[in-house]
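Nothing in this text is a laboratory measurement; each read-out follows from the coordinates by a stated rule. Treat the numbers as computed from the prediction; the structure is a model and nothing was measured. Here the Cβ positions follow ideal geometry from the backbone for every residue, glycine too, while neighbour counts run over all protein chains shown.
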């Protein structure tokens, strides 16, 4: 399972970050509890049998997600792929990620690649988000990076994500979670849910329909909405949805 969470900056006078025309696609590896299980094994004989299998699975996982990052870059016309970790502290896992990343990069000479420690990456996302196209990282760092991306693009109300299962059912959703205090008030920003539909269409090959939704959302954000926060958009939830439909 992998998660994709795009962060899009669109020009607009009301948000200082809107002006780069930047669209960052963060691809994060969701690991299972296998390592936690392995580290709890008390029997050294069993531990010795399981650990190599765990290492093989981790290698295959990092290899798969490295290839996926470049395939996404090519498919979406991106110019660079960044791999982020904390290899200067977390030497075991980070070293595996970095070596795999560099090996796969040799097969894509037309796409720039670079490595950045996650703490430096979060600073650069605030200072110069336009330097990133595709970011590949693990689940722990990816969750941090994508929440930051959501906030500097305008908030959770605009943030969509996809849990991609290449061999089965995938799920697309707003990444902000629930907000019970707004239930029934018709003030929630619906753009994250609408953008999640756009991601779904892109994944199933309906790229033209996905682009129509993306362009309509950009138009509404640029020209109509006063603020992305719930209750401050200048429109109700339903009205914002109607604006997107009219601009398709």
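Overview of values
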| read-out | value |
| --- | --- |
| FRET efficiency estimate (nearest 0.05) - Cβ-Cβ, residue 245 to residue 106, R0 45 angstrom | 0.45 |
| Fewest-first ranking of 221, 89, using other Cβ atoms within 10 Å as the exposure measure | 89, 221 |
| Kirkwood-based Rg to Rh ratio, segment 167-248, C-alpha trace | 1.00 |
| Residues 135, 225, sorted so that the one with the fewest Cβ neighbours within 10 Å comes first | 225, 135 |
| D_trans [Stokes-Einstein, Kirkwood Rh over alpha-carbon pairs] for segment 147-208, 4 °C, 1.567 mPa s, µm² s⁻¹ | 103 |
| Spin-label proximity, residue 238 to segment 193-219 - amide N less than 19 Å from point 7 Å beyond Cα toward beta carbon | 193-194 |
| Mean Cβ neighbour count within 10 Å, used as a protection proxy, ranking 184-193, 159-168 highest first | 184-193, 159-168 |
